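Worksheet: the structure to be examined is printed underneath.
The values are calculated or read from the model by the stated rules, or taken from the named source; none is laboratory data. This is a predicted model, so every value here is computed, not measured. Neighbour counts run over all protein chains shown; Cβ positions are idealised from the backbone, glycine included. When the accessible area is computed, the model is the full protein with side chains, heavy atoms only, and any ligands, DNA or RNA have been set aside. Shrake-Rupley method; radii C 1.70, N 1.55, O 1.52, S 1.80 Å.
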Amino acid sequence: MVIAKTAVVPLTRRVWRGTEHLDRPGGVVVCANHLSHVDFLVLAHFLYDNGRPPFFLAKESVFRTPVLGRLAALAGQIPVYRNTGRAVEAYRAAVGAIRAGKTVPIYPEGTITRDPQLWPMTGKTGAARIALETGCPVIPVAQWGPQEIMAPYSGRLRPFPRKTVTVLAGPPVDLTDLQGRPVTGEVVREATDRIVADIVRLLEELRGEPAPVERYDLRRQGDGRGPGAVAGGRA
């Protein structure tokens, strides 16, 4: 956490909002939008400042980058080995952390957004599966400003002048009607859609503008339906 604060404090003016939603007992999943390679440092700072030291999960490839990989390891992130026999290890580690009362931040998009206007894309189901298995709250979080420090996929830092970063947490996502039901594909997709929708609503509040009616979907690329859009994606 010292690494996150050392990296974030000199470069930013920080605005933390909705912190009362983090003040609860037991483990929680925190789901945030992902718009920069450095936003995990901002999110880690936000959570630590509000009594929720984070237990991160991250793509294994992040750990192989010279600087970010070292920071990720020092920040306590756990590698996720996708499409391998080890993929289940991260899921088990996250479930164990939640049951031990820890805070597990997850980016439902799974990667930095490819949306041209930096709105959240459609989500992957890992966070929903963890929440449904453990029964823990899911706290949605929107962040805006880290992309000014490092633009998506550019790898180029722009530390000066100092940037304002704003993080807004919302009330737990309402999954009560889904908990206790068999964890089918339909159930986890519904839970995932609700999580992303709540993040989008918070980001609309931060940005002061509505999100696109159609949400960017990487799975739809090249299918003739336009630039990654999926119908019915309105938050």
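The equivalent ellipsoid that matches the C-alpha gyration tensor of the range 147-218 spans semi-axes of 32, 15, 13 angstrom, in descending order. Panel values: the range 95-166, Kirkwood radius from alpha carbon pairs, Stokes-Einstein at 4 °C and 1.567 mPa s, translational diffusion coefficient 90 µm²/s. Projected label points at Ala100 and Glu20, each 7 Å from Cα along the beta carbon direction, are separated by 3.2 nanometres. Note on Arg201 and Arg86: their simple-model spin labels are 3.9 nm apart, each label 7 Å out from Cα toward Cβ. Given their separation in residues at 0.36 nm each and the Cα-Cα distance between them, Arg219 and Thr164 gain 16.5 nm when the chain is fully extended.
With the simple model of a label 7 Å out from the Cα in the direction of the Cβ, Arg13 to Ser154 spans 2.0 nm. Scalar couplings 3J(HN,Hα) for the range 171-182, obtained by applying the Karplus form with A = 6.51, B = -1.76, C = 1.60 to θ = phi - 60°, are x, x, 5, 7, 10, 4, 6, 9, 6, x, 8, x Hz; x denotes Gly and Pro.
A 1.4 Å probe, protein heavy atoms only, puts the accessible area of Ser61 near 50 Å². In the distance distribution for the range 17-167, Cα-Cα pairs more than 22 Å apart total 38 percent.
As a test question: what accessible area, to the nearest 10 Å², does His34 have when a 1.4 Å probe is rolled over all protein chains in place? Accessible area, nearest 10 Å²: 30 Å².
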